[in-house]
Amino acid sequence: MRNIFPKFEFHYTYLIMALGFVLVGYYKNLLIFTSIIVIHELGHYIIAKILKFNVVKIVIYPYGGLVKIEDSINKNSNDELLVAISGVVFQSLYYLLFMFLAKYNFFNDYTISLFKSYHFSILFFNMLPIINLDGFKILNIILNKFFSYRKSNIISVYLSLFFLIILLFFIKDNFNYTYIFILSIILKNIYVFYNELEYLFNKFLLERYLFGYSFDKTKIINNYKDMYKDYQHIIKCNKKYIKERDFLRKMFDRS
(Lines give C-alpha, C1' and ligand atoms only; values in the text may rest on other atoms or scores of the structure.)
Protein backbone atom coordinates (compact mmCIF):
# COMPACT_ATOMS: atom_id res chain seq x y z
CA MET A 1 0.00 0.00 0.00
CA ARG A 2 2.85 2.39 0.70
CA ASN A 3 3.66 2.57 -3.03
CA ILE A 4 0.16 3.83 -3.84
CA PHE A 5 0.27 6.96 -1.72
CA PRO A 6 2.81 9.71 -2.45
CA LYS A 7 5.56 10.66 -0.07
CA PHE A 8 5.41 14.40 0.64
CA GLU A 9 8.41 16.52 1.59
CA PHE A 10 8.05 20.18 2.55
CA HIS A 11 11.16 22.10 1.55
CA TYR A 12 12.65 24.30 4.29
CA THR A 13 11.94 27.42 2.20
CA TYR A 14 8.25 26.51 2.13
CA LEU A 15 8.29 26.01 5.91
CA ILE A 16 9.87 29.45 6.38
CA MET A 17 7.24 31.00 4.13
CA ALA A 18 4.46 29.12 5.94
CA LEU A 19 5.75 30.34 9.29
CA GLY A 20 5.65 33.90 7.99
CA PHE A 21 2.02 33.44 6.91
CA VAL A 22 1.07 32.01 10.31
CA LEU A 23 2.83 34.76 12.28
CA VAL A 24 0.85 37.46 10.48
CA GLY A 25 -2.40 35.49 10.72
CA TYR A 26 -2.77 34.61 7.03
CA TYR A 27 -4.06 31.10 7.75
CA LYS A 28 -6.60 31.11 4.93
CA ASN A 29 -4.00 32.33 2.44
CA LEU A 30 -1.66 29.51 3.40
CA LEU A 31 -4.41 26.88 3.24
CA ILE A 32 -5.64 27.95 -0.20
CA PHE A 33 -2.15 28.40 -1.63
CA THR A 34 -0.98 25.00 -0.36
CA SER A 35 -4.12 23.17 -1.46
CA ILE A 36 -3.68 24.40 -5.04
CA ILE A 37 -0.05 23.27 -5.10
CA VAL A 38 -0.90 19.85 -3.64
CA ILE A 39 -3.71 19.24 -6.16
CA HIS A 40 -1.43 20.34 -8.99
CA GLU A 41 1.35 17.96 -7.93
CA LEU A 42 -1.09 15.10 -7.32
CA GLY A 43 -2.08 15.49 -10.96
CA HIS A 44 1.52 14.86 -12.03
CA TYR A 45 1.80 12.02 -9.51
CA ILE A 46 -1.36 10.16 -10.55
CA ILE A 47 -0.64 10.27 -14.28
CA ALA A 48 3.02 9.33 -13.70
CA LYS A 49 1.89 6.31 -11.67
CA ILE A 50 -0.62 5.28 -14.34
CA LEU A 51 2.13 5.46 -16.97
CA LYS A 52 4.44 3.44 -14.69
CA PHE A 53 7.05 6.11 -13.98
CA ASN A 54 9.22 5.54 -10.93
CA VAL A 55 7.95 8.32 -8.66
CA VAL A 56 10.08 8.95 -5.56
CA LYS A 57 8.30 11.80 -3.75
CA ILE A 58 6.51 15.13 -4.01
CA VAL A 59 8.46 18.16 -2.78
CA ILE A 60 6.53 21.34 -1.89
CA TYR A 61 8.29 24.69 -2.45
CA PRO A 62 7.15 28.30 -1.87
CA TYR A 63 6.41 28.70 -5.59
CA GLY A 64 4.88 25.30 -6.29
CA GLY A 65 5.97 21.70 -6.12
CA LEU A 66 8.07 19.06 -7.80
CA VAL A 67 7.27 15.41 -8.41
CA LYS A 68 10.68 13.76 -8.19
CA ILE A 69 10.90 10.95 -10.74
CA GLU A 70 13.86 8.64 -11.11
CA ASP A 71 13.32 6.92 -14.41
CA SER A 72 14.86 6.37 -17.80
CA ILE A 73 15.81 9.44 -19.81
CA ASN A 74 14.72 7.46 -22.85
CA LYS A 75 11.15 7.18 -21.62
CA ASN A 76 8.57 7.81 -24.35
CA SER A 77 8.28 11.57 -24.93
CA ASN A 78 4.50 11.41 -25.33
CA ASP A 79 4.20 9.86 -21.87
CA GLU A 80 6.48 12.56 -20.47
CA LEU A 81 4.29 15.23 -22.07
CA LEU A 82 1.15 13.75 -20.47
CA VAL A 83 2.83 13.88 -17.06
CA ALA A 84 4.04 17.45 -17.66
CA ILE A 85 0.59 18.84 -18.56
CA SER A 86 -1.38 16.83 -15.99
CA GLY A 87 -0.61 19.28 -13.16
CA VAL A 88 -2.25 22.15 -15.06
CA VAL A 89 -5.22 19.92 -15.94
CA PHE A 90 -5.83 18.83 -12.33
CA GLN A 91 -5.35 22.37 -11.02
CA SER A 92 -7.86 23.66 -13.58
CA LEU A 93 -10.38 20.98 -12.57
CA TYR A 94 -9.89 22.02 -8.94
CA TYR A 95 -10.56 25.62 -9.95
CA LEU A 96 -13.78 24.64 -11.76
CA LEU A 97 -14.94 22.65 -8.73
CA PHE A 98 -14.20 25.58 -6.41
CA MET A 99 -16.07 28.02 -8.64
CA PHE A 100 -19.01 25.61 -8.89
CA LEU A 101 -19.23 25.50 -5.09
CA ALA A 102 -18.77 29.27 -4.91
CA LYS A 103 -21.79 29.65 -7.19
CA TYR A 104 -23.88 28.08 -4.42
CA ASN A 105 -22.43 30.38 -1.72
CA PHE A 106 -20.07 27.87 -0.11
CA PHE A 107 -17.42 30.62 0.11
CA ASN A 108 -17.45 34.35 0.75
CA ASP A 109 -16.19 36.95 -1.73
CA TYR A 110 -12.81 37.32 0.00
CA THR A 111 -12.10 33.59 -0.19
CA ILE A 112 -13.12 33.48 -3.86
CA SER A 113 -10.86 36.44 -4.63
CA LEU A 114 -7.92 34.77 -2.83
CA PHE A 115 -8.45 31.49 -4.62
CA LYS A 116 -8.60 33.13 -8.04
CA SER A 117 -5.47 35.18 -7.34
CA TYR A 118 -3.40 32.18 -6.21
CA HIS A 119 -4.77 29.90 -8.93
CA PHE A 120 -3.84 32.18 -11.82
CA SER A 121 -0.50 33.20 -10.26
CA ILE A 122 0.58 29.58 -9.78
CA LEU A 123 -0.73 28.61 -13.21
CA PHE A 124 1.17 31.42 -14.94
CA PHE A 125 4.37 30.87 -12.98
CA ASN A 126 4.40 27.12 -13.62
CA MET A 127 4.06 27.63 -17.36
CA LEU A 128 7.24 29.71 -17.53
CA PRO A 129 9.96 27.80 -19.46
CA ILE A 130 12.37 27.85 -16.52
CA ILE A 131 14.13 24.69 -15.30
CA ASN A 132 12.00 22.41 -13.08
CA LEU A 133 8.77 24.28 -13.90
CA ASP A 134 6.10 22.65 -16.07
CA GLY A 135 6.73 25.14 -18.88
CA PHE A 136 10.35 24.03 -19.03
CA LYS A 137 9.43 20.34 -19.17
CA ILE A 138 6.91 20.92 -21.95
CA LEU A 139 9.35 23.13 -23.89
CA ASN A 140 12.17 20.60 -23.48
CA ILE A 141 9.97 17.80 -24.83
CA ILE A 142 9.08 19.98 -27.84
CA LEU A 143 12.74 20.91 -28.41
CA ASN A 144 13.62 17.22 -28.45
CA LYS A 145 11.37 16.85 -31.49
CA PHE A 146 13.58 19.24 -33.47
CA PHE A 147 17.02 19.04 -31.88
CA SER A 148 19.30 16.35 -30.50
CA TYR A 149 18.93 15.42 -26.82
CA ARG A 150 22.17 17.15 -25.87
CA LYS A 151 21.45 20.33 -27.83
CA SER A 152 17.88 20.51 -26.48
CA ASN A 153 19.19 20.57 -22.92
CA ILE A 154 21.74 23.30 -23.71
CA ILE A 155 19.08 25.45 -25.39
CA SER A 156 16.81 24.90 -22.39
CA VAL A 157 19.43 26.28 -20.00
CA TYR A 158 19.83 29.50 -21.99
CA LEU A 159 16.06 29.91 -22.35
CA SER A 160 15.67 29.40 -18.59
CA LEU A 161 18.14 32.20 -17.90
CA PHE A 162 16.46 34.45 -20.46
CA PHE A 163 12.99 34.01 -18.97
CA LEU A 164 14.35 34.37 -15.45
CA ILE A 165 15.67 37.81 -16.45
CA ILE A 166 12.23 38.65 -17.90
CA LEU A 167 10.61 37.50 -14.64
CA LEU A 168 12.98 39.70 -12.61
CA PHE A 169 12.00 42.69 -14.71
CA PHE A 170 8.30 42.17 -13.93
CA ILE A 171 8.69 41.64 -10.18
CA LYS A 172 11.38 44.25 -9.48
CA ASP A 173 8.86 46.73 -8.04
CA ASN A 174 7.35 44.18 -5.62
CA PHE A 175 10.52 42.44 -4.48
CA ASN A 176 10.26 40.77 -1.03
CA TYR A 177 11.74 37.90 0.98
CA THR A 178 9.44 35.35 -0.69
CA TYR A 179 10.80 36.26 -4.11
CA ILE A 180 14.34 35.96 -2.75
CA PHE A 181 13.62 32.38 -1.65
CA ILE A 182 11.99 31.53 -4.96
CA LEU A 183 14.73 33.04 -7.10
CA SER A 184 17.49 31.39 -5.07
CA ILE A 185 15.88 27.98 -5.61
CA ILE A 186 15.42 28.63 -9.33
CA LEU A 187 19.03 29.76 -9.77
CA LYS A 188 20.25 26.70 -7.89
CA ASN A 189 18.14 24.43 -10.12
CA ILE A 190 19.52 26.05 -13.28
CA TYR A 191 23.10 25.76 -11.95
CA VAL A 192 22.65 22.10 -10.99
CA PHE A 193 21.05 21.24 -14.34
CA TYR A 194 23.86 22.99 -16.23
CA ASN A 195 26.52 21.11 -14.26
CA GLU A 196 24.76 17.82 -14.97
CA LEU A 197 24.50 18.26 -18.76
CA GLU A 198 27.39 15.91 -19.50
CA TYR A 199 26.22 13.40 -16.89
CA LEU A 200 22.69 13.39 -18.34
CA PHE A 201 24.01 12.83 -21.85
CA ASN A 202 26.22 9.94 -20.72
CA LYS A 203 23.27 8.44 -18.85
CA PHE A 204 21.20 8.84 -21.99
CA LEU A 205 23.80 6.84 -23.95
CA LEU A 206 24.36 4.23 -21.24
CA GLU A 207 20.65 3.47 -20.96
CA ARG A 208 20.50 2.82 -24.68
CA TYR A 209 23.50 0.51 -24.43
CA LEU A 210 22.24 -1.43 -21.42
CA PHE A 211 18.57 -1.76 -22.29
CA GLY A 212 18.63 -1.83 -26.10
CA TYR A 213 15.69 0.47 -26.70
CA SER A 214 13.86 0.03 -29.96
CA PHE A 215 12.27 2.97 -31.77
CA ASP A 216 10.10 3.16 -34.87
CA LYS A 217 12.00 6.08 -36.42
CA THR A 218 15.59 6.08 -37.67
CA LYS A 219 17.92 9.05 -38.18
CA ILE A 220 21.32 9.15 -39.89
CA ILE A 221 23.86 11.32 -38.02
CA ASN A 222 27.54 12.16 -38.41
CA ASN A 223 28.31 12.47 -34.69
CA TYR A 224 27.01 10.42 -31.78
CA LYS A 225 26.52 13.64 -29.80
CA ASP A 226 23.69 14.47 -32.20
CA MET A 227 21.53 11.55 -31.07
CA TYR A 228 17.83 12.26 -30.63
CA LYS A 229 15.22 10.97 -28.23
CA ASP A 230 12.65 8.58 -29.71
CA TYR A 231 14.96 7.67 -32.61
CA GLN A 232 17.38 4.91 -33.35
CA HIS A 233 20.43 6.01 -35.31
CA ILE A 234 22.87 5.17 -38.03
CA ILE A 235 26.13 6.81 -36.95
CA LYS A 236 29.22 7.74 -38.94
CA CYS A 237 32.33 6.10 -37.43
CA ASN A 238 35.74 5.93 -39.13
CA LYS A 239 34.23 6.96 -42.47
CA LYS A 240 31.66 4.18 -42.23
CA TYR A 241 28.06 4.22 -41.05
CA ILE A 242 27.14 1.69 -38.40
CA LYS A 243 24.05 0.93 -36.35
CA GLU A 244 23.63 2.71 -33.04
CA ARG A 245 23.71 -0.53 -31.08
CA ASP A 246 27.06 -1.53 -32.59
CA PHE A 247 28.48 1.94 -32.03
CA LEU A 248 27.49 1.96 -28.35
CA ARG A 249 28.85 -1.54 -27.87
CA LYS A 250 32.23 -0.39 -29.16
CA MET A 251 32.12 2.73 -27.00
CA PHE A 252 31.24 1.09 -23.70
CA ASP A 253 33.02 -2.22 -24.18
CA ARG A 254 36.23 -0.30 -24.84
CA SER A 255 35.76 1.81 -21.72
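Listed here are the residues, each with its yes/no results for (1) under 24 Å from S214 (Cβ atoms); (2) touching a residue at least 40 places away in the same chain (Cβ under 8 Å); (3) among the acidic types (D, E); (4) surrounded by 15 or more Cβ atoms within 10 Å (Cβ to Cβ).
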| residue | (1), (2), (3), (4) |
| --- | --- |
| N74 | yes, yes, no, yes |
| I85 | no, yes, no, yes |
| V89 | no, yes, no, no |
| M99 | no, no, no, no |
| N105 | no, no, no, no |
| N108 | no, no, no, no |
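Of I186, I155, I235, I242, which residue is surrounded by 14 or more Cβ atoms within 10 Å (Cβ to Cβ) and at pLDDT 95 or above? Give the steps one after another, and end with the answer.
On the way: I186 fails: at pLDDT 95 or above; I235 fails: at pLDDT 95 or above; I242 fails: at pLDDT 95 or above.
Answer to the selection: I155.
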Worksheet item: Condition test on K57, is it charged (D, E, K, R) and open to solvent by less than 60 Å² (accessible area, probe 1.4 Å)?
Response: yes
Fill in: Contacts under 6 angstrom Cβ, first residue in the stretch 144-168 being among the aliphatic types (A, V, I, L, M), partner surrounded by 12 or more Cβ atoms within 10 Å (Cβ to Cβ), 6 or more apart
I155/L143; V157/Y194; L159/P129; L164/I130
Worksheet, complete the sentence: Within the stretch 180-234, residues of a type in the set (D, E, K, R), in a loop (DSSP other than H, G, I, E, B) and touching a Lys or Arg at 6+ places or on another chain (Cβ under 7 Å) come out as D230
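Which one is surrounded by the fewest Cβ atoms within 10 Å (Cβ to Cβ) among residues in the stretch 1-54 that are in contact with a Lys or Arg (Cβ under 9 Å, 6 or more places away or on another chain) and part of a strand (DSSP E or B)?
In the first step, residues of the stretch 1-54 are kept if they are in contact with a Lys or Arg (Cβ under 9 Å, 6 or more places away or on another chain); the result is 3-4, 6-9, 51, 53.
This time we only want the ones that are part of a strand (DSSP E or B), so: 8-9.
Working: F8: 14, E9: 16.
Out of the qualifying residues, it is F8.
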Practice prompt. Count, please, the residues in the stretch 56-101 that happen to be among the aromatic types (F, W, Y) and either outside any helix (DSSP H, G or I) or touching a Leu at 6+ places or on another chain (Cβ under 7 Å) (or both).
Written response: 3
Worksheet item: Does any residue of the stretch 206-227 turn out to be open to solvent by less than 50 Å² (accessible area, probe 1.4 Å), aliphatic (A, V, I, L, M) and within 18 Å of S156 (Cα to Cα)?
Response: yes
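The values are calculated or read from the model by the stated rules, or taken from the named source; none is laboratory data. Since we're looking at a predicted model, the values are computed, not measured. A quick note on method: Cβ atoms are made from the backbone with ideal geometry, for glycine too, and the neighbour counts reach across all protein chains shown. Heads up: the accessible areas ignore ligands, DNA and RNA and are worked out on the full protein's heavy atoms, side chains in. Shrake-Rupley method; radii C 1.70, N 1.55, O 1.52, S 1.80 Å.
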